[in-house]
Amino acid sequence: MNEFVRDQLLPIVGSAVAAVFSALAGYVALRVRKLLSQREKGLIKRRVVEDCVKAVEQVYTGLDGPAKKVKAEQGIRELLAEKKVEITDFELDILIEACVKELNCGLFSGGKKLGDIVKKK
């Protein structure tokens, strides 16, 4: 019986354990990669929106708010399309409004973000 366990069963169990650990490591690696990719895309979206909103505010001084928003949306969609990053209309609207709020509060010039001010209150 001892010979059977050592010669037959032990290699099979060892291979099964190695296969399970390999599959688990592969799954964890894929999940981490996906999370990092989502985070990176979120940062890209935020940066592109900030840059476009600032540019529209500087270039199109004669336009009213809704017209500026349309110009910003066009620029944002073009830049994100070049980077192959998708954005929903809801995300775009929220990010633009947040950036405009930060600009109106003068937070970009001081190096602070709206979240920093909200946390302190």
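Summary table
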| quantity | calculated |
| --- | --- |
| Some residue of the range 51-64 being modelled with pLDDT of 90 or more, of a type in the set (Lys, Arg) and assigned to a helix (DSSP H, G or I) | yes |
| Conditions (1) modelled with pLDDT under 90; (2) over 20 Å from Asp93 (Cβ atoms); (3) surrounded by 10 or more Cβ atoms within 10 Å (Cβ to Cβ); number of the one not met by Phe4 | (3) |
| Subset of the range 65-86 that is of a type in the set (D, E, K, R) and part of a helix (DSSP H, G or I) - its residue that is farthest from the chain's Cα centre (by Cα) | Lys68 |
| Some residue of the range 85-97 being under 13 Å from Lys41 (Cα atoms) and among the acidic types (Asp, Glu) | yes |
| Unique match (being in a helix (DSSP H, G or I) and surrounded by fewer than 10 Cβ atoms within 10 Å (Cβ to Cβ)) among Ile12, Ile44 | Ile12 |
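The values are calculated or read from the model by the stated rules, or taken from the named source; none is laboratory data. Here the structure is a predicted model, which is why all the values come from computation and not from measurement. With ideal geometry, Cβ positions are generated from the backbone for all residues, glycine too; neighbour counts draw on all protein chains shown.
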